[in-house]
Structures are given as C-alpha cells and as structure tokens.
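Heads up, the thing below is written out as structure tokens.
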Amino acid sequence: MSVDLGSPRVISEEEKAVLLASPRGYCAGVDRAIATVEKALDLYGPPVYVRKEIVHNKHVVSDLRERGAVFVDELDEVPSGATVVFSAHGVAPAVYADAEARGLKTIDATCPLVTKVHHEAKRFAGQDYDILLIGHAGHEEVEGTMGEAPEHTHLVQGPDDVANVVVRDPSRVVWLSQTTLSVDETMETVAALRERFPELLDPPSDDICYATQNRQSAVKQIADGVDLVIVVGSGNSSNSVRLVEVARESGARDARRVDDASELQDAWFEGVDSVAVTSGASVPEDLVQGVLAALAERGYPAPNVVHSVSESLIFALPKELRRDLKSAGR
Ligand code: SF4
C-alpha cells in the first residue's frame, strides 16, 4: 500500500502501523561501485583487490568477498600487477601515485558526486582560498578530499570546532563538506563559520549529495510522533548514522540502527504501536525486507510506503572498466 504525502497520516493510539520510507537504500554511487566490483570479478576473474570497503555495508562487503574480492586497507597489501578498485568514498591523489608506482591496474569507483567535491577543493586551492571542510575526522571520504589540497584545507567537525579555525586571510575562505552529513547540522556549522568569517564563500553547488538529502527528507516525513524508527545500515555508514539522528530530531520517540533483522531487540518494542523503517544509501533492499518480515512476526501489519521524492539518477561504470568490457566484447 502507498501513502501520498498529501494525505493526512493517521495512526490511532491502539493501532499498530508500519511506515516505510521512500526513497531509501541504494543510491546511484553505491549501485555503480558494487556493479564495478561485480563486473571486474566477471571480466578479470578473482582475485580483484578493493582498497577499503567498497561501500560501508558489512553484508555487501561479505558477499563480494565470497565472490573473490579481496579487501585491503592499503596498497602495500596488493601484489604488483594486480587489479585494485578504489572505493566509492574516493582517494587522495597520493594514493593514485602510489598505485602507479607499484605497477597496479586501477579502477576508480569513486562516486562522481565525491569527485565533484575533489574538483572544487582543487579549484579553490588553486585560487589560494583556505578551504573549511565540514566532515568527520577519519572518514575515508574526508581523507580523500583533504588529500587534494592538504596545505589549504582545515577540517571542521561541527559548530564547536569553529572557534579553533585559523585561516591565513579571512576574506578568502570557502566551505565544502562531506557528502553524507546531516543537512541541518551542516547548516548550523556554516552559520557559525559565517559569523566568524563574514566573507565566507559557499560551494558552487550542494556537496551533501541528493541521496543523503532525499533519505533525510523521507525520514523526516515519517518520524514525527512515531514510537520507533528503525534504520537499516552499518555502524560505519555515515549517512545511515545520520538517519538515526535525523529521526530523533524529527520527533520519533526512539530510533535505532541495525545491520539486519537479527539485531532487533525485544525491549525496543515494548509499548510500541507505530514503527517506521528506512535504510542508508549502501543498504541492499533484502535487508529491509528482512526487517519487515521480522516486524510481521511480531504482529505488525504490512507497511504503508510513504513516498517523498522520486530518484532516477544512474551513473555509468568507470571508464577504464567500460573500455576493458568493450575490448572483451561485453
Ligand atoms: Fe555518491 Fe551520495 Fe551515494 Fe555517497 S551517498 S555514493 S556521494 S550518491
């Protein structure tokens, strides 16, 4: 059953109900990154090395590992001459140089929307701006973006960091961001930055990607007044963790993240009539369906799907892989 957002959503106190967010799950960048590893395995045969998790989902990584992908943290774990795929989160230029020096064949599955932020960082560094990159320390995407212009980039993790930022010229500062942040929290950080640096330049277009924004909007539509929001996604998935925060901020009485249905806990459901379900951008739909099946076993009805926006974006496979597929007649 589908619910139009224009219709009022009425859940009586006693009635059990399940709302299912749409859009949820795979974004275009994740779809492309997973297809890249699958097609590389088909074309070149295993093993295909992948630097870092191709996307932040433990089920996806484990499935690909079973098919012959070998996940490594760094390139010194990859034998010379082997094929290595760079993950959707992107890599610093130093990593490309290292791969070349090691004689590795590379396939770059960086999401084009992350690459766009890399280009912005390069461009503003080239114009001698100080770049205030809003993001989380240690996240692979942040490491990759900072690597484009380390001398010009300052990481700002949130409003509390703003007082500590030191720039060379307060009239030449621009902010950029990680693609998977909370939209509202990022705007708070930008406001704090602008108070300190009134001439702060905005990025030419949104850095928080369409998929992150859409999944946050969708969860906002269903979270208000709901007893429990379940977000399917892995703990290292930034956009999944943000969905839990957004659900709580949007009025859900409780919000929990699970990798899959096996992590649901009985205690969460005590006195819970209304449940809303969504999933992060790196989450296969079968894991969501597993959660819905587990809800059904607990006596909850089939979900009402609440549509917010439609998505149709598709990214082409990396060009180096397309070229090899074409040469192989595939
Ligand atoms: Fe690309 Fe956004 Fe998906 Fe990340 S979440 S892979 S930036 S579309």
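The values are calculated or read from the model by the stated rules, or taken from the named source; none is laboratory data. Small disclaimer: the values here were computed from a predicted structure and weren't measured. So basically every Cβ, Gly included, is an ideal-geometry build from the backbone, and we count neighbours across all protein chains shown. Heads up: the accessible areas ignore ligands, DNA and RNA and are worked out on the full protein's heavy atoms, side chains in. Shrake-Rupley method; radii C 1.70, N 1.55, O 1.52, S 1.80 Å.
For residues that are part of a loop (DSSP other than H, G, I, E, B) and more than 16 Å from the ligand (Cβ to nearest atom), scanning just the range 200-220, find the one that is farthest from SER308 (Cα to Cα). It would help to see each step written out before you state the result.
Taking the range 200-220 first, the residues part of a loop (DSSP other than H, G, I, E, B) are 200, 202-209.
Now narrow it down to the ones that are more than 16 Å from the ligand (Cβ to nearest atom): 200, 202, 204.
Numbers: LEU200: 32, ASP202: 27, PRO204: 26 Å.
Among residues in the range 200-220 that are part of a loop (DSSP other than H, G, I, E, B) and more than 16 Å from the ligand (Cβ to nearest atom), the one farthest from SER308 (Cα to Cα) is LEU200.
One line per residue, one yes/no per condition, for (1) at pLDDT 95 or above; (2) within 25 Å of the chain's Cα centre (by Cα); (3) over 19 Å from LEU321 (Cα atoms); (4) among the charged types (D, E, K, R):
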{"position": "GLU100", "(1), (2), (3), (4)": "yes, no, no, yes"}
{"position": "ALA109", "(1), (2), (3), (4)": "yes, yes, no, no"}
{"position": "GLY126", "(1), (2), (3), (4)": "yes, no, yes, no"}
{"position": "GLY144", "(1), (2), (3), (4)": "yes, yes, yes, no"}
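Okay, residues lined up against (1) open to solvent by 10 Å² or more (accessible area, probe 1.4 Å); (2) in contact with an Asp or Glu (Cβ under 9 Å, 6 or more places away or on another chain); (3) at pLDDT 95 or above:
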position	(1), (2), (3)
VAL232	no, yes, yes
VAL244	yes, no, yes
ASP254	yes, yes, yes
GLU270	yes, no, yes
THR278	no, no, yes
ALA302	yes, no, yes
ALA316	yes, no, yes
LYS319	yes, yes, yes
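Among the residues of the range 116-133, is any touching a residue at least 60 places away in the same chain (Cβ under 8 Å), within 15 Å of the ligand (Cβ to nearest atom), touching a helix residue (DSSP H, G or I) at 6+ places or on another chain (Cβ under 9 Å) and under 15 Å from LYS52 (Cβ atoms)? Looking through the range 116-133, none of the residues is touching a residue at least 60 places away in the same chain (Cβ under 8 Å), within 15 Å of the ligand (Cβ to nearest atom), touching a helix residue (DSSP H, G or I) at 6+ places or on another chain (Cβ under 9 Å) and under 15 Å from LYS52 (Cβ atoms). The residue that is nearest to the ligand (Cβ to nearest atom), counting only those in the range 172-199 that are in a helix (DSSP H, G or I), open to solvent by 10 Å² or more (accessible area, probe 1.4 Å) and touching a helix residue (DSSP H, G or I) at 6+ places or on another chain (Cβ under 9 Å), is VAL183. Taken across the range 200-208, residues that are at pLDDT 95 or above, surrounded by fewer than 20 Cβ atoms within 10 Å (Cβ to Cβ) and touching a Pro at 6+ places or on another chain (Cβ under 6 Å) do not occur at all. Residues in the range 75-115 that are out of contact with any helix residue (DSSP H, G or I) (no Cβ under 8 Å at 6 or more places or on another chain) and within 16 Å of the ligand (Cβ to nearest atom): THR115 only. For the range 70-88, give me each residue that is over 26 Å from GLN178 (Cα atoms) and of a type in the set (A, V, I, L, M, F, W, C). Hits for the range 70-88 are VAL70, VAL78, ALA82.
I need a count of the residues in the range 61-115 that are polar (S, T, N, Q), touching a residue at least 24 places away in the same chain (Cβ under 8 Å) and outside any strand (DSSP E or B). Walk me through it before giving the result.
Step one: list which residues in the range 61-115 are polar (S, T, N, Q), which gives 62, 80, 83, 87, 106, 110, 115.
Then keep just the ones that are touching a residue at least 24 places away in the same chain (Cβ under 8 Å); that gives 80, 83, 87, 106, 110, 115.
Applying the additional criterion that residues be outside any strand (DSSP E or B) yields 80, 87, 110, 115.
Looking only at that region, the number is 4.
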